[in-house]
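Structure first, then comments.
The values are calculated or read from the model by the stated rules, or taken from the named source; none is laboratory data. Values in this document were obtained by computation on a predicted structure and should not be read as measured data. In this analysis, Cβ positions are derived from the backbone assuming ideal geometry, glycine residues included, and neighbour counts consider all displayed protein chains. When the accessible area is computed, the model is the full protein with side chains, heavy atoms only, and any ligands, DNA or RNA have been set aside. Shrake-Rupley method; radii C 1.70, N 1.55, O 1.52, S 1.80 Å.
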Amino acid sequence: MRLKRQSEIAIGILTACAQSPLTKHPAQHLAQEVGATRDHAYQVVALLVRNGFLTSDRGPGGGLRLARDPKDIKLADVLRITQPDLDSNAQEPEPGTLKGQPLLDGIVAAASSFLVRLLDRFTVADLVASPDSSAIACLECSLVTARPARERLMRLPVPQLSPADDSLETDA
């Protein structure tokens, strides 16, 4: 499960606009900043304007600005317009698919649902905030903070054996 390029561009454009909220950003400049082609960025900009995330002023002195406060733009809302299938329920598998496919589809649907619910907690303002004031610090979730697997295993509680558990009994 990955973010589509359109989602990455949309979040990049919104973040760039949030970093300089008083500036009118030319679409061409934003396209370069997020590493997108001009045409692809224009498609995403049109989608963001149509859905009320950006305002667009044409002509000399025109450009793009956020239409809302960055604190009011949830990342999940951006994904809902750029990847509407991410938030939908799992589709019925077609006949003749793999034996475990319905279960796998359910697992992927649950993971997608978790991702959307997690992104509902974060806004564009979180992306431009200093790392010290980030909302990620309050999550206390090992899924959010990437640690090597070995370190996560080292933190698991080790069961303590009592002297009575020391001998093994077998039914031989």
Every listed condition ((1) at pLDDT 95 or above; (2) surrounded by fewer than 19 Cβ atoms within 10 Å (Cβ to Cβ)) holds for L14 save (2)
By residue number, the members of region 22-33 that are under 22 Å from the mean Cα position of the chain (by Cα) and either within 8 Å of R65 (Cα to Cα) or open to solvent by less than 10 Å² (accessible area, probe 1.4 Å) (or both) are L30, A31
When (1) in a helix (DSSP H, G or I); (2) open to solvent by 50 Å² or more (accessible area, probe 1.4 Å) are applied to G61, the one that fails is (1)
Sole miss for I73 among (1) surrounded by fewer than 16 Cβ atoms within 10 Å (Cβ to Cβ); (2) closer than 28 Å to L115 by Cβ; (3) hydrophobic (A, V, I, L, M, F, W, C) is condition (1)
